[in-house]
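Chemist: One structure, as structure tokens, below. Some questions next.
The values are calculated or read from the model by the stated rules, or taken from the named source; none is laboratory data. Keep in mind that what you see is a predicted model, and the values were worked out from it rather than measured. Positions of Cβ are generated from backbone atoms using ideal geometry, with glycine treated the same way; all protein chains shown enter the neighbour counts. Just so you know, the surface numbers come from the protein's heavy atoms only, side chains and all, with ligands and any DNA or RNA stripped out. Shrake-Rupley method; radii C 1.70, N 1.55, O 1.52, S 1.80 Å.
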Amino acid sequence: MDRRSFLQTLGAVTLSQLLGACQQNNRTALQVNLLQKTLPPQLVDKFRSNSNIPLQISLKSSTQEIFTQLQKWNKEDQKQRSEKVPSEDQPKLPSRLASLGDYWLPQAIQQNLIQPLSADDLNRWSALAPQWQQLVRRDLQGNPSAEGKIWGAPYRWGATMIAFRKDKFRDLGWQPQDWSDLWRSELKEHISLLDQPREVIGLTLKKLGQSYNLEDLDTISELPQTLKELNEQTLFYASSQYLEPLILGDTWAAVGWSSDIIPTLAREPDLEAVFPASGSALWADLWVQVQPSETINQWINYWWEDTVANNLSKFTDTISPLLSTTLPVKSQSHRLVAAPKQFERSEFLFPLSPPTLQQYERLWQAMRIPV
């Protein structure tokens with residue numbers, strides 16, 4: 001089955017089936033909050049059929065909505081505990097699970113909105129590369145810690161990429177391959193950048209051979225000037241609708257997120273994208289739990305099964321962490337596939353200290369001052 005026929009058959013799985021009320025049986029119900037258009041409905045329906053678990057799916061338009069729902073659940077739980085109702089008289093709540101971006105993980109931990117997972121309950125935890133295990137092992141402040149607990153289960157990932165117009169670069173006789181190409185004179189005032197300090201300063205650090213997570217930016221003497229030079233190359237900054245000028249030809253290249261870029265490539269044959277050779281910023285969506293339950297373990301383990309991980313990667317615009325750099329032969333055309341070295345050079349954006357954040361703010365303001 002190819003991608004088109006797979007997506008066309010999604011109509012056979014109706015929204016009412018996915019959002020239907022829990023049927024009553026002896027299994028603990030599972031309530032899942034996730035972003036719209038992130039999971040193929042057929043795979044969700046397969047889980048329901050195979051597990052016979054009453055399933056409630058709540059689709060949200062943004063991760064902020066999901067985080068707000070976690071806060072609401074937490075308040076409900078606190079209220080129930082404060083009322084001191086005997087456990088036998090309390091209403092039986094479903095197992096609650098949410099899809100949360102790794103950026104939100106520290107806040108969720110600090111606010112006690114989620115509970116850690118157990119590696120013993122995750123069938124393929126040991127199959128995850130160290131990079132993925134390090135992403136979700138955090139201390140109680142949400143900072144990466146080798147001794148920390150497991151606060152989430154990654155199930156899909158994306159990256160920051162460079163999108164470009166094939167026709168413009170055909171005339172130039174070259175195509176972008178890495179971040180350093182954004183500084184080439186031919187692209188002066190022909191690129192757009194994300195309006196995000198971590199992304200822009202981060203890719204500049206990468207261009208200079210440094211880490212996205214460098215703590216002391218003042219140790220890189222050439223960084224301020226390099227940022228000013230990049231600003232001179234830039235036509236505008238935006239964190240949404242940054243691909244429209246590229247489609248129209250007003251810009252020739254754009255830095256953006258794979259979740260925006262890859263769907264656009266399917267509709268715009270004049271566009272192409274590249275995973276930067278020196279590595280990029282990665283993001284991941286994680287399954288996080290409100291309270292531990294065997295039902296939640298079943299859901300997480302399902303999305304890590306080989307066949308399910310393959311289909312998720314083959315038929316969506318993201319890739320399973322179990323297939324970070326290798327996909328089945330039929331899926332090798334996936335635009336997000338990175339060579340092993342490229343992926344190894346890439347990084348998740350971890351929390352920064354207040355002094356480092358101040359350095360980011362200072363550099364961000366300075367680079368955009370008109371000359």
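Chemist: Is it the case, given these coordinates, that residue 253 is among the hydrophobic types (A, V, I, L, M, F, W, C) and buried (at least 20 other Cβ atoms within 10 Å of the Cβ)?
Modeler: Answer is yes for this residue.
Chemist: Against the definition (within 24 Å of residue 39 (Cα to Cα), assigned to a strand (DSSP E or B), under 20 Å from the mean Cα position of the chain (by Cα) and among the hydrophobic types (A, V, I, L, M, F, W, C)), how does residue 287 come out, yes or no?
Modeler: In short, yes.
Chemist: Another question about this same structure. Among the candidates 235, 243, 214, single out the residue that is in contact with a helix residue (DSSP H, G or I) (Cβ under 8 Å, 6 or more places away or on another chain) and within 18 Å of residue 368 (Cβ to Cβ).
Modeler: Answer to the check: 235.
Chemist: Can you say whether residue 135 is at pLDDT 95 or above and assigned to a loop (DSSP other than H, G, I, E, B), as far as the supplied structure shows?
Modeler: No.
Chemist: Out of 247, 300, 296, 261, I need the residue that is closer than 24 Å to residue 189 by Cβ and open to solvent by less than 40 Å² (accessible area, probe 1.4 Å). Which one?
Modeler: 261
Chemist: Got at least one residue in segment 150-161 being assigned to a loop (DSSP other than H, G, I, E, B) and over 27 Å from residue 316 (Cβ atoms)?
Modeler: Scanning segment 150-161, I find no residue that is assigned to a loop (DSSP other than H, G, I, E, B) and over 27 Å from residue 316 (Cβ atoms), so the answer is no.
Chemist: Test each condition in (1) polar (S, T, N, Q); (2) out of contact with any Gly (no Cβ under 7 Å at 6 or more places or on another chain); (3) farther than 23 Å from residue 199 by Cα for residue 131 and report the one that comes out false.
Modeler: Evaluating residue 131 over (1) polar (S, T, N, Q); (2) out of contact with any Gly (no Cβ under 7 Å at 6 or more places or on another chain); (3) farther than 23 Å from residue 199 by Cα leaves (3) as the failure.
Chemist: While we're on this one: State all residues of segment 221-244 that are in a helix (DSSP H, G or I) and either open to solvent by 60 Å² or more (accessible area, probe 1.4 Å) or modelled with pLDDT under 95 (or both); if no residue qualifies, say none.
Modeler: Within segment 221-244, 225, 228, 229, 232, 244 qualify.
Chemist: Can you tell me which of 328, 370, 340, 354 is modelled with pLDDT of 95 or more, more than 15 Å from the chain's Cα centre (by Cα) and not polar (S, T, N, Q)?
Modeler: On the way: 328 fails: modelled with pLDDT of 95 or more; 370 fails: modelled with pLDDT of 95 or more; 340 fails: modelled with pLDDT of 95 or more.
After applying the criteria, what remains is 354.
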